[in-house]
Structure formats: C-alpha cells, structure tokens
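The values are calculated or read from the model by the stated rules, or taken from the named source; none is laboratory data. All of these numbers come straight from a predicted model, not from anything done at the bench. Cβ placement follows ideal geometry from the backbone for every residue including glycine, while neighbour counts extend to all protein chains displayed.
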Ligand SMILES: *Cc1c(COP(=O)(O)O)cnc(C)c1O
C-alpha cells in the first residue's frame with residue numbers, strides 16, 4: 001500500500017512486515033506467546049487487537065506518530081561510526097586483517113534518553129483512539145515509567161505508575177521525574193517489591209478498570225497483542241538503521257547486536273532484518289555475577305518454557321516451577337522472563353543469544369565513555385561488551401551495528417559504587 005522510500009507517504013511498519021512475519025492470529029510465535037489471562041482481561045485484549053487492526057489501516061494515525069517521532073522525540077536517531085571502539089576491538093587481535101567497523105545506533109539521543117519513548121507514544125495514541133483517558137504502567141528502574149509519564153503529559157492523559165517499593169527506594173531520581181511530569185506513583189509492597197510484583201499489580205488494576213483505562217506494557221512481553229504492538233512501534237529503530245546502512249555502507253551490515261531484558265529494543269532493531277539472511281543477529285542477556293540460579297537474568301541461556309505475565313516463553317524457574325530471583329547490575333535487564341518472539345527466534349535459529357557478566361558490562365561502560373565520549377546505559381553496555389569482542393573476530397571490511405539502547409546518566413551512581421578506584 002505505501003512505499004517506504006517516498007517521504008510524503010506514511011511510514012506504517014505494519015505495511016512493511018517481513019515475509020516470515022509472526023505471530024499467527026492467536027498470538028503464537030511457534031510454541032511461544034499466546035494469551036494466558038483471566039476472563040476479565042480477554043475482552044480488553046480483544047478490544048486492543050481490534051483497535052490496533054483499525055489503526056494499521058489508518059494513514060492519519062501513522063502520520064501523527066511519525067510527526068511525534070520527528071518533531072518531539074528527535075528521530076531519526078543517528079547511526080554513528082564508532083572509531084574509538086573499532087580501534088579498541090582491532091587492538092584485541094594480532095591479525096591486521098581482522099576487526100570489523102563498529103557502528104552505534106544512538107537511541108540514547110531519543111527524548112527521555114532511551115528507546116522506551118517509541119513504544120509509549122504509540123500506545124498513548126492508541127489509548128486516545130479507544131477513548132480511554134486513564135493510563136497505567138509498570139516500571140522497574142523507572143525508565144518505562146518516565147517514558148509513559150512523558151507521553152501522557154504531552155498528549156493530555158491521566159497517568160498512574162506501579163513500582164515496587166524496593167525499586168522506589170533504589171531509583172529515587174526517576175520517581176521524582178515521574179511526579180514532576182504529573183504522574184501518580186503507586187508503591188507495590190508484594191513479593192520482592194520489584195518489577196515482577198509491579199507488573200502483577202498493574203494487571204490487577206486493569207482487570208477492574210478496563211472500561212476507561214489502557215495499560216501501556218513496557219516491553220515485548222505479556223499476552224497477545226502486546227508483544228506484537230510493542231515490536232511494531234519499536235521497529236522504527238531497525239527500519240531507520242536499515243536505511244542508514246544502505247546510505248553509509250551501501251548494503252547490509254554483517255552483524256547486529258542488542259541487549260535483551262524483556263527484549264523490546266532488540267526486537268525493534270532485529271525485526272526489519274529478519275528476512276536479510278546474510279545478517280547475523282545476536283541478543284545479549286544479563287550474565288550477572290555467575291551462572292548459578294539467582295545470580296543472573298538470562299532466561300534464554302538458562303531458563304525453561306513456562307508462563308509468566310500472560311504468555312508462554314523462556315522463564316527462569318526453580319525446580320518446582322516457581323519464578324526464580326534474578327540479578328543484574330543493570331535494573332532494566334533484571335527480569336526473569338523474555339518476549340515470546342525472542343524465544344521463537346532462538347528456537348528457529350534466526351537469532352543467537354548469549355550473555356555478558358556484570359564485570360564485562362562495567363568494563364564496556366568505561367570503554368564507551370572514554371573511547372567515544374558517550375556514557376552508555378548499563379543495559380546497553382552489555383551489547384557494547386559483546387559487540388567489541390565479536391567485531392575483533394570479524395574481517396576488517398565487515399560492519400557490525402550495536403544498538404545503544406539508552407544513555408547512562410541514570411547509572412552513574414551505581415557505576416561509581418561498583419567501579420570504585422577504577423574511575
Ligand atoms: C528498559 C531498558 C532496556 C531493557 O528493556 P528491553 O525491553 O529489553 O529493551 C534496555 N536498555 C535500556 C536503556 C532500557 O531503559
């Protein structure tokens with residue numbers, strides 16, 4: 001229907017789906033995904049699916065979102081040739097013919113400092129289309145909460161954020177940001193008082209409030225259609241990157257690397273490249289302190305298929321099938337589950353998944369800061385760590401793209417505590 005290269009036409013991502021696109025109409029990505037929710041939510045999810053289908057046919061909707069992306073978020077974000085990291089990578093090997101050129105997709109430059117705004121603006125527009133004036137969301141580190149509060153302030157919607165009381169204590173600055181933006185922050189005192197518990201509380205609220213409330217889920221997780229909708233809104237990252245690669249490299253990169261928490265920045269980056277068979281894609285999970293249970297947050301590397309927050313995917317579980325505790329130095333990767341499409345890409349072998357330890361991520365945090373003058377988020381530092389090492393195994397005439405999902409201002413206290421004398 002629309003031609004993506006013609007600037008006057010809308011850039012609706014749903015008109016540009018890869019041939020191999022999933023999910024099926026019931027939200028399954030092979031053995032993963034689906035809808036595992038109480039009856040009261042089924043209706044809300046069906047309504048969301050219907051409105052999204054309609055929005056997909058509505059040129060005005062995508063024009064409005066594209067305008068917001070350009071004029072408010074500051075898109076397109078640059079694809080930046082990282083000379084310093086490329087030199088560091090080349091210095092890791094003796095062979096002078098080795099060491100791919102490293103590029104950074106600069107989502108850290110998007111408004112509010114990360115990719116999360118791509119999704120919250122899209123979903124806030126959908127809520128307006130549904131006539132829902134109240135928004136709720138879960139947040140862990142507070143990044144999704146801030147991006148949601150920002151979209152709501154901009155579009156005139158009422159906003160309530162659920163956040164574990166432990167996270168409220170640890171992420172004070174983001175709590176203040178949300179309040180300044182006009183959002184109400186609800187403390188959750190259940191369980192470990194972190195992201196998983198905040199998500200449960202938000203789902204509970206939604207069960208009683210679906211008639212006037214939309215729940216803006218923050219990653220490519222949860223019941224269908226959330227993983228698909230979030231992926232579509234985030235796929236602007238990969239669509240821009242693809243056009244930028246054609247312009248700067250004259251073709252596709254050899255490899256693409258992104259960090260994986262729930263998996264939204266990675267899904268948005270990878271999805272437009274799924275049918276480009278020559279492009280190797282690697283998702284980097286949080287390896288934490290060790291491979292022992294409770295010491296990491298790497299569900300594809302160490303989990304089993306199970307149901308968490310409404311869909312089937314890899315989940316970190318104890319021997320009784322209970323969701324495990326998780327650890328990562330980066331709050332945004334500290335989640336025991338992962339989006340169903342990543343589990344699917346893993347199972348069909350289209351994307352490979354690996355993990356990087358806290359220590360390796362902290363080293364990369366310093367490299368990127370000192371080699372490039374860019375302080376990356378600790379989440380993104382996981383992708384930088386793997387990307388720099390991987391580029392050193394590639395040929396000099398090849399190109400590797402790292403998705404720099406966010407900036408590291410939020411992490412400077414934690415990084416200086418963990419790095420001590422090293423900085
Ligand atoms: C939230 C966050 C992540 C992790 O979430 P995904 O859904 O896996 O993208 C990664 N990087 C940054 C900067 C974040 O804020």
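For the residues 261, 268, 332, 283, the requirement of being in a loop (DSSP other than H, G, I, E, B), within 15 Å of the chain's Cα centre (by Cα) and in contact (Cβ under 8 Å) with a residue 60 or more places away in the chain singles out 261.
From the list 370, 417, 407, the one residue that fits, being buried (at least 18 other Cβ atoms within 10 Å of the Cβ) and farther than 17 Å from residue 287 by Cα, is 407.
Exactly one residue out of 285, 280 is touching a strand residue (DSSP E or B) at 6+ places or on another chain (Cβ under 6 Å), within 16 Å of the ligand (Cβ to nearest atom) and under 14 Å from residue 352 (Cβ atoms): that is 285.
Only one of these conditions is not met by residue 225: (1) outside the structural domain of residue 50 (by TED's automatic domain parsing); (2) surrounded by fewer than 24 Cβ atoms within 10 Å (Cβ to Cβ); (3) in contact (Cβ under 8 Å) with a residue 40 or more places away in the chain. Which number is it? With respect to (1) outside the structural domain of residue 50 (by TED's automatic domain parsing); (2) surrounded by fewer than 24 Cβ atoms within 10 Å (Cβ to Cβ); (3) in contact (Cβ under 8 Å) with a residue 40 or more places away in the chain, residue 225 is out only on (1). Scanning the range 293-312 for residues that are outside any loop (DSSP other than H, G, I, E, B) and either more than 16 Å from the chain's Cα centre (by Cα) or farther than 23 Å from residue 23 by Cα (or both) yields 297, 301, 302, 304, 305, 306, 307, 308, 311, 312. The conditions of being within 16 Å of the ligand (Cβ to nearest atom), crowded, with 24+ Cβ neighbours inside 10 Å and over 27 Å from residue 21 (Cβ atoms) are not met by residue 266.
Would it be correct to say that residue 195 is modelled with pLDDT under 95, buried (at least 24 other Cβ atoms within 10 Å of the Cβ) and touching a strand residue (DSSP E or B) at 6+ places or on another chain (Cβ under 9 Å)? Yes; evaluated as a whole, the condition is true for this residue. When residue 253 is tested against (1) part of a loop (DSSP other than H, G, I, E, B); (2) in contact with a helix residue (DSSP H, G or I) (Cβ under 7 Å, 6 or more places away or on another chain); (3) within 14 Å of the ligand (Cβ to nearest atom), only condition (3) is not met.
In the range 105-195, counting only strands (runs of 3 or more DSSP E) that sit wholly within it, the ones holding 3 or more residues that are within 14 Å of the ligand (Cβ to nearest atom) span 134-139. Evaluation of residue 346 against the conditions (1) touching a strand residue (DSSP E or B) at 6+ places or on another chain (Cβ under 8 Å); (2) within 16 Å of the ligand (Cβ to nearest atom); (3) closer than 24 Å to residue 110 by Cβ shows that the sole unmet condition is (3). How about the range 212-245: which of its residues are in contact with a helix residue (DSSP H, G or I) (Cβ under 9 Å, 6 or more places away or on another chain) and part of a loop (DSSP other than H, G, I, E, B)? Within the range 212-245, 216, 217, 218, 219, 220, 221, 222, 223, 224, 225, 235 qualify.
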